[in-house]
C-alpha cells in the first residue's frame, strides 16, 4: 500500500539511556589480597572456582581464600551475600559451571 | 514532544510494505509479519486504558528496565491487538515484572520459556477470548495477539532476543504466543481469579514463565482418582524440583469431577500427594544426585513444594479426555493481576 504522504510508525525498543554502570576499581596486583570465590551452586562451580584460585595462588602471593555459595543460580545475589564478600575479601570471582 | 504526547522514535516509510520490511529485517518481530504501529493506533491503545504514555506499568529490577505504557502499546499494535485487548497486555507485563516471576533469569535461560497469560473471569468472554476448542492453538485473535504482544515486549523492549540475551536450547511454539482463558462455562468451581482472592465477578490474568505443555491422554475409567493418578505419573517426568504447574482439565473430565463433587483443593491435594515418591526412586532414576549425605532414602519427595503450587483450571473443547500440564521455569512463581472488563473500563 502506498500513500501520498508515506507512513509514520513508532519504535518498539527501549530507547531509555542505560543507567550509570561502573566497573569496580581493579587492584594492580593480587599480592597480599584476600580472594573470594562466589559459587552459584551449579554442579562443579566450586571445583571450577578452586581450580582458578590454584592458578591465582601460583602467580601471586595472595593473603587467603574465602568461599561463599549463592545457594542457587536462578536468582541474583542477595545484598547480605554481597556485603559479606565486600567485608571479607579484596576481590571476588563469580563463576558458573555444569 | 508531539501533539499526541508520544515520545517513541518516529520512523518514516513510503509504503506499508516498506514499514513491514523494516520491522522484520531489524529483528523487531517474532518472524511473522507485524502491524506497523502508527501513532494513531498506539494512541488508541493508551486512550482505551486511560494511561499516559510515560506511565510506568512495571519495573524489572535486575536490568533496571521501566516498562512504559507507550512502549507496551507500540508492541501491542505490532502484535495485532485491538484496544480492548490492551488491559490484558498491561496486566500481564506488570505481573511479569514482579520479583517472584524472575523475568530476567527466565528470559535468559537455556530452558527456553515463554510468558504465558492465563485469563480468568468475565473479561475473557467480553473480548471474545477462546476457552474452548483449540484454546491454546490458533484461530482466535484475542488469544493470539495478547500472547504475542507480551512476548514482543519481552524481545523488543526488554531485549530478550534469541541468540543474544535469550539462549534457549530449543524454545517452544508458545514463544510466539501463549495465552488462553479459563473455561468457566464447564466448571463446577469458582473462577481461578476468585479462588486466588480477587472478588466475585472480577477478572485477572496469571502470568507464568511457561515451558511447553505436556498433554496427557486419559484411559480407563473416568473417576478423578484414575485420571489424576495418570496425570501425577506424567508430572513425575518434570523431575524432583518444579516451582509451579498449571493443570488444564478438559470439559469431559471436568464433568466427572463435577459429578464426584471434588473441589479444586481436593485436586491440588491429590496431585501433590500422588507425586511424592521415595528419595531412592528419584536417585535410582538419576533425577536426583545429591539428596544429602544423611538423607533417608525412604523419605518421600515430590516435584512441588506444596498443593498451592498446582494451579488447576478447566479448559478446552467438549470432546476429549485430556489433561495438559504446563510447568513453570526454575524458581519462577506465577503472578496474578486484576484486569478491568470493557464494561468496567467504560464506566
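With the cut-off at 22 Å, report for region B:262-347 the share of all Cα pairs above it, as a whole percent.
Numbers: 1847 of 3655 pairs.
Across region B:262-347, Cα pairs with separations above 22 Å total 51 percent.
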Discussion item. Let me make sure I get this right: for region B:77-132, a, b and c are the square roots of the gyration tensor eigenvalues over alpha carbons, sorted descending. Under 1.5 in a/c it's rounded, otherwise prolate if a/b > b/c, else oblate. Which is it?
Written reply: prolate
Worksheet item: GNM on chain B, C-alpha springs below 10 Å: top fluctuator among B:316, B:163, B:137?
Response: B:163
Discussion item. Which of B:336, B:229, B:184 ends up with the largest GNM mean-square fluctuation for chain B, with Cα atoms connected below 10 Å?
Written reply: B:229
Worksheet item: Under the rule of -39500 (n - 2.57) per DSSP H run of 4 or more residues, summed and divided by the residues of the protein assembly as shown, what mean residue ellipticity at 222 nm is obtained, to the nearest 500 deg cm²/dmol?
Response: -9000 deg cm²/dmol
Worksheet item: Could you give the angle, 0 to 90 degrees to the nearest 10, between helix A:45-59's Cα long axis and the longest principal axis of the Cα atoms of chain A?
Response: 60 degrees
Fill in: Taking the convex hull of Cα positions in chain B, its mean projected area over all directions (nm²)
19.0 nm²
Worksheet item: In chain B, what percentage of the DSSP-assigned beta bridges are antiparallel, given to the nearest 5?
Response: 75 percent
Fill in: Potential extension, residue B:3-residue B:298 segment - 0.36 nm per residue separation minus Cα distance
99.2 nm
Worksheet item: Remind me, relative contact order of chain A in percent, using alpha carbon pairs under 8 angstrom and six or more residues apart?
Response: 38 percent
Practice prompt. Report, please, the projected area of the protein assembly as shown averaged over directions, based on the convex hull of its C-alpha atoms, in nm².
Written response: 26.2 nm²
Worksheet item: Cα centroid distance between region A:35-98 and region B:87-131, in Å?
Response: 35 Å
Practice prompt. Mind running the shape call on region B:1-149? Use the C-alpha gyration tensor, a ≥ b ≥ c as the square roots of the eigenvalues: rounded below 1.5 for a/c, prolate if a/b tops b/c, oblate otherwise.
Written response: rounded
Fill in: Average beta carbon contacts from partner chains per residue of A:66-78, 10 Å cutoff
2
Fill in: Cβ neighbours within 10 Å from other chains - mean over B:145-158
1
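Residue separation times 0.36 nm, minus the C-alpha to C-alpha distance between residue A:17 and residue A:52: what's the value?
Value of the extension gain: 9.0 nm.
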Worksheet item: Taking R0 as 56 Å, what's the FRET efficiency between residue A:34 and residue B:226 from their Cβ-Cβ distance, rounded to 0.05?
Response: 0.35
Worksheet item: Out of every Cα-Cα pair in chain A, what percent are more than 17 Å apart?
Response: 63 percent
Worksheet item: DSSP beta bridges in the protein assembly as shown, what fraction antiparallel, as a percent rounded to 5?
Response: 60 percent
Worksheet item: By how many degrees, 0 to 90 and rounded to 10, does the Cα axis of helix B:39-49 deviate from the longest principal axis of chain B?
Response: 50 degrees
Worksheet item: Distance from the Cα centre of region B:192-245 to that of region B:247-264, in angstrom?
Response: 12 Å
Worksheet item: Percent relative contact order of chain B, based on C-alpha pairs within less than 8 angstrom and at least six residues apart?
Response: 21 percent
Worksheet item: What's the angle, to the nearest 10 degrees (0 to 90), between helix B:264-274's Cα axis and the longest principal axis of chain B?
Response: 60 degrees
Discussion item. If I build a Gaussian network model for chain B, linking alpha-carbon pairs within less than 10 angstrom, which residue out of B:269, B:166, B:30 has the largest mean-square fluctuation?
Written reply: B:269
Fill in: Reference-scaled alpha-carbon Rg (2.2 N^0.38 Å with N residues) for region B:128-249
1.22
Discussion item. If I take R0 = 22 Å and measure r between the Cβ atoms of residue B:56 and residue B:169 in this structure, what FRET efficiency does the formula 1/(1 + (r/R0)^6) give, to the nearest 0.05?
Written reply: 0.10
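Any read-out appearing in this document is the output of simple, stated calculations on the displayed coordinates, not a laboratory observation. Note that the structure is predicted; figures quoted are calculated from it, not measured. Methodologically, a virtual Cβ is constructed for each residue, glycine included, from the backbone with ideal geometry; neighbour enumeration extends over all protein chains shown.
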